[in-house]
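Since the structure comes first, as structure tokens, the remarks are kept for the end.
What follows is calculated from the coordinates using simple rules that are stated; it is not laboratory data. Note that the coordinates shown come from a computational prediction; the quantities given were computed from them, not determined experimentally. Neighbour counts run over all protein chains shown; Cβ positions are idealised from the backbone, glycine included.
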Amino acid sequence: MPKAAATPASRIVTRTGSSTGSRLYDAFAHEGERTWTDAETRELLRRYLAEERIAQIAIGMSVDAKDVAARLTRLLLGASGPIANEHDAPRSGHGYTEDDRARIAAACRAGRPIKEIAAEHGRTQLAVGWQLLDGHVPTVPAHLRP
């Protein structure tokens with residue numbers, strides 16, 4: 001039986017690198033957090049104050065919902081360090097019960113740090129922040145109001 005001809009090696013082309021090896025900006029990548037301008041931050045806060053949910057804000061501003069949630073989590077809930085590290089969140093990806101949501105909201109209203117709330121519930125700071133923000137639990141302090 002004759003040998004089959006060797007298939008030429010495939011070349012994979014991505015949006016995350018150039019032919020020179022330098023990293024390109026990719027608006028769909030979620031490794032790092034988006035850099036926000038002052039004007040964008042004011043618009044973000046204006047929309048949050050108008051009681052828009054994360055998804056509505058993202059669509060209205062043509063940005064990713066995860067970026068919206070991350071920015072608001074840092075601004076309004078004081079999240080610090082890595083906020084989406086799923087390795088530290090054993091319940092990451094699991095649904096929330098109404099009891100979970102109520103306990104998370106109560107802890108936030110009591111002034112507990114988001115990092116502590118997230119650890120207690122086995123979630124990331126981003127996930128807890130997103131739940132709180134979509135429920136409009138955090139208020140916008142006067143110094144951040146547009």
query: Just from the alpha-carbon atoms, what are the Rg and Dmax of the stretch 30-84 in angstroms?
result: 10.5, 29
field: Per-pair calculated FRET efficiency, R0 = 35 Å: THR139 and SER62 via Cβ, rounded to 0.05
entry: 0.85
task: Taking the Cα centre of the stretch 38-137 as origin, work out the dipole magnitude from +1 charges on Lys and Arg Cβ and -1 charges on Asp and Glu Cβ, in debye rounded to 20.
output: 200
message: With the alpha-carbon atoms as the only input, what is the per residue convex hull volume for the stretch 38-137 in Å³?
response: 97
